[in-house]
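Structure first, commentary second.
The values are calculated or read from the model by the stated rules, or taken from the named source; none is laboratory data. Here the structure is a predicted model, which means the values were calculated and not measured. Every residue, glycine as well, gets a Cβ built from its backbone with ideal geometry; the counts of neighbours run over all protein chains shown. Each accessible area value is taken on the protein alone, full model and side chains, heavy atoms only, with ligands, DNA and RNA left out. Shrake-Rupley method; radii C 1.70, N 1.55, O 1.52, S 1.80 Å.
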Amino acid sequence: MLKLDEIQKRLLAEVADLHAVPEGAYNIRSNSHAAGRQSTANIEITPKSDVPGIDIRIKPGTKNESVHIPVVLTESGLKEVVYNDFYIGEGADVVIVAGCGIDNCGNQDSQHDGVHRFFVGKNARIRYVEKHYGSGSGSGKRILNPGTEVYQDEGSIVEMEMVQIKGVDDTERTTSAELAAGAKLIVRERLMTHDDQRAISTYVVSLNGEGSSADVVSRSVAKDKSFQKFDAKIVGNAPCHGHTECDSIIMDGGRILAVPGLEANDLDAELVHEAAIGKIAGEQLVKLMTLGLTEQQAEEQIINGFLK
Amino acid sequence: MLELLNLSFRVAVDGKEKEIIKNVDLTVPDDKLIVVTGPNGGGKSTLAKLIAGIERSTSGRIIFKGEDITELGITERAKRGIAFAFQQPVKFKGIQVVDLLRIASGKELNASEACEFLSAVGLCARDYIGREINASLSGGELKRIEIATVLARGASLSIFDEPEAGIDLWSFRNLIEVFEQMRRGSKGGSIIIISHQERILNIADEIVVIKNGEILRRGPKDEVLPTLIGTSSAVVGCRKADAEGGEAIC
Ligand SMILES: Nc1ncnc2c1ncn2[C@@H]1O[C@H](COP(=O)(O)OP(=O)(O)O)[C@@H](O)[C@H]1O
Ligand SMILES: [Mg+2]
């Protein structure tokens, strides 16, 4: 890839599984500059003129195409706010891979705040994958604050997979979604925090149309002295189905606060919240140890499986 | 060979000392199948846990293949060749059958190797290999996977705690076949099975009866089994499943 050094390439591999220039449309942002951009016949990527960021327009009916929009930061002290808007045409079916990797070797904080808005047309379907990753030995923090707004037209389906496993010191994620009739939102969040990290994830999902549904599931592990807050609210404004689930493991001095929020404003709104927080079950460790693993290896297997 | 020398396990219950295993002496010779029976609450599972290192004996010694392993932890004992199928299999989140078989065998398993262990317990590898070991599996399925995991260990001492419990569809004939194959297997090794089932007692080389934490009786099957017939220590069960022949879960 053009203009990328080894660290930047490594970050790209971590957050977007990219080892070469991706197929299809892409926009690679590196240290606040476009390191590469490509549109296709059906997917047009244009830079915004007023604020940093891009507009991604996907033509109606576009199928089996993907868009990669990874961001990498390797300069210590860099702070940026980026606005990306996705317009997904009626009946399109695409995969969008975002992701942000920060390598901070310096002593100044590096921060990327990505504001993503999705306007999902009728009966369109997207799978959105977002990975966060941090590395670097500097004392400067690696901070990521993603803000995501999703507007789903009738019958659309949005699947979001958010993963943050390592190296991000501070995250405040806010996700809001508004769903019209028959629209469906599926969120799978996997989060691990360690050391002094802090991660806050807030969802507000409004089920506005008849037959809309949301399923928001978070699996997380808080190690060392890290702190997590999972605040998921589903508002049922019509006959709808909503489900949120927070399943967490705490280790060492890790702390987790799960805040269930359900608001039913329609008699036929069916909303469910589940939350479970606890340490690794002792019997799971014992079982794996009887298979020959050390306690530490057993712990790793259990966490890996849990976050898989 | 496993030797338990004057092994005891005491716990404090409500400030009072309770002796759960009392001065047990037991030798399990190489390549022998020992079936341990006796009333519920007698201490059979506790004895198995003491051998595997899950519970630590409060006095006495455990000698395995000539080495004193009394002070060794669970992992160390596993590495020296002790495998243990739990009475109540443990459930996980996200860990798949194939992961557990891989960990148990200590190597990367290919599909046909994994398949071998699963089909030995009557499970179709195709359907089960990628299943998560969680509550979506029935008690019987979990139990079979637990047994398959111990088979995958290829250990020199394999302990099965009530392997037949919860296995309703799968006939005893198949389960017994698994144990007999293990005994005939080229690798050798000893097997301890905790069971009340007459059909399992029947394949034992030796039977050990444990009651109130003590060995009540031990000896060759032909001597001990006749004394147990008709008691709760030798239950005749699952005739129906047996008559229907083994049914694999596919
Ligand atoms: N760690 C422990 N603390 C207190 N009581 C125990 C402990 N382990 C086992 N026991 C008790 O010891 C007795 C024997 O249990 P167990 O070994 O499970 O019997 P069995 O397998 O023969 O049915 C039971 O009464 C059980 O409640
Ligand atoms: Mg028992």
Point to revise | Under 18 Å from the Cα of A:Lys229 - lysines, other chains or at least 8 residues apart | key: A:Lys166, A:Lys279
Exercise for review: Could you list which residues have their amide H under 5 Å from that of A:Ala275, counting only those 5 or more apart in sequence or on another chain, with H placed in the peptide plane?
Suggested key: A:Cys246
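Quick one: length gained pulling B:Glu177 to B:Met1 fully straight, 0.36 nm per residue minus the C-alpha distance? Spell out each step's value before the answer.
Numbers: separation 176, 0.36 × 176 = 63.36 nm, distance 2.32 nm.
Working it through step by step, the gained length comes to 61.0 nm.
Just tell me how shielded A:302-308 is by partners: mean number of partner chain Cβ atoms within 10 Å of each residue's Cβ, no decimals.
Details: counts 4, 1, 3, 10, 4, 2, 6.
Mean number of neighbouring Cβ atoms from other chains: 4.
Set the Förster distance to 45 Å, then compute FRET efficiency between A:Ser176 and B:Asp14 from the Cβ-Cβ distance, nearest 0.05.
Values: r = 54 Å, r/R0 = 1.21.
Here the calculated transfer efficiency is 0.25.
Mean shadow of the range A:1-151, computed from the convex hull of its alpha carbons, in nm²?
8.1 nm²
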Review point. Which of the lysines could a cross-linker span from B:Lys22 if the Cα-Cα distance has to be under 16 Å and same-chain partners fewer than 8 positions apart are dropped?
Key: B:Lys44, B:Lys49, B:Lys211
Exercise for review: Enter the mean projected area of the convex hull around the alpha-carbon atoms of the range A:138-243, in nm², rounded to one decimal.
Suggested key: 6.1 nm²
Point to revise | Where chain A is the region considered: accessible area per residue in Å², 1.4 Å probe | key: 42 Å²
Check your understanding: For all pairs of alpha-carbon atoms in chain A, what percent lies in each bin of width 10 Å, listed from the first bin to the last filled one?
Key -> 6, 26, 32, 25, 10, 1, 0
Study note, to complete from the structure: Per residue of A:294-301, other chain Cβ atoms within 10 Å number on average 3
Point to revise | Distance from the range A:57-108 to the range A:147-194 (C-alpha centre basis), Å | key: 14 Å
Point to revise | Dipole-positive endmost among B:Phe160, A:Val67, A:Val81 within the protein assembly as shown (Cβ charges, Cα centre) | key: B:Phe160
Exercise for review: Report the charge-dipole magnitude of the protein assembly as shown in Debye, nearest 20, computed about the Cα centre from +1 at each Lys and Arg Cβ and -1 at each Asp and Glu Cβ.
Suggested key: 1120 debye
Study note, to complete from the structure: Expected field for A:Tyr128, accessible surface area in Å² at 1.4 Å probe radius, rounded to 10, holds 0 Å²
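Would you work out what percent of the accessible area of the protein assembly as shown, with all protein chains in place, is carbon or sulfur (probe 1.4 Å)?
After summing per-atom areas, the C and S share lands at 47 percent.
Any idea what the dipole of the range A:6-278 comes to, in debye rounded to 20, about its Cα centre with Lys/Arg Cβ at +1 and Asp/Glu Cβ at -1? Don't skip to the end; give the middle numbers.
Details: 28 positive and 41 negative charges, 134 e Å.
Using Cβ point charges on Lys, Arg, Asp and Glu, the range A:6-278 gives about 640 debye.
How much accessible area per residue does the range B:2-249 have, counting only protein heavy atoms and a probe of 1.4 Å, in square angstrom? Walk me through the numbers on the way to the answer.
Values: 10620 Å² over 248 residues.
Ligands and nucleic acids excluded, the figure is 43 Å² per residue.
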Study note, to complete from the structure: Interchain or sequence-distant (5+) residues whose placed amide H lies within less than 5 Å of the amide H of B:Lys211 are B:Leu216
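Need one number: buried accessible surface between chains A and B, 1.4 Å probe, both sides summed, DNA, RNA and ligands left out, in Å² to 100. Intermediate values should be presented prior to the final figure.
Values: alone 13730 and 11720 Å², together 23640 Å².
The buried area between A and B, both sides summed, comes to about 1800 Å².
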Exercise for review: Report the residue, chosen from A:Thr193, A:Thr62, A:Thr40, that carries the largest GNM mean-square fluctuation when chain A is represented by alpha-carbon nodes joined by springs under 10 Å.
Suggested key: A:Thr40
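Given the convex hull over the Cα atoms of the protein assembly as shown, what projected area results after averaging over all orientations, in nm²?
Numbers: hull surface 124.8 nm².
Reported value for the Cα convex hull: 31.2 nm².
Give me the inter-chain shielding for B:48-58: mean count of other chain Cβ atoms within 10 Å, whole number please.
Details: counts 0, 2, 0, 0, 3, 3, 5, 0, 0, 0, 0.
Whole-number average of other-chain Cβ neighbours for B:48-58 is 1.
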Point to revise | Percent breakdown of C-alpha pair distances by 10 Å bin, ordered from the shortest bin, for the range B:2-249 | key: 7, 31, 36, 21, 4, 0
Review point. How would B:Cys124, B:Cys115, A:Cys100, A:Cys105 line up by accessible area, probe 1.4 Å, largest first?
Key: A:Cys105, B:Cys115, B:Cys124, A:Cys100
Revision key, fill the gap. Rounded to the nearest 10 Å², the 1.4 Å probe accessible area of A:Lys63 is 120 Å²
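What is the Rg over Rh value, at two decimals, for the range B:1-102, using alpha-carbon atoms and the Kirkwood definition of Rh? Before the final figure, lay out each step's value.
Values: Rg = 15.1 Å, Rh = 15.1 Å.
So for the range B:1-102, dividing Rg by the Kirkwood Rh gives 1.00.
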Point to revise | For the protein assembly as shown, with +1 on Lys and Arg beta carbons and -1 on Asp and Glu, the positive-most of A:Val217, A:Gly24, B:Leu225 along the dipole | key: B:Leu225
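Would you kindly state how much longer the chain becomes between B:Glu76 and B:Ser136 on full extension, computed as 0.36 nm times their sequence separation minus their alpha carbon distance, in nm to one decimal? Could you put the intermediate results ahead of the total?
Values: separation 60, 0.36 × 60 = 21.60 nm, distance 3.19 nm.
Roughly 18.4 nm would be gained on extension.
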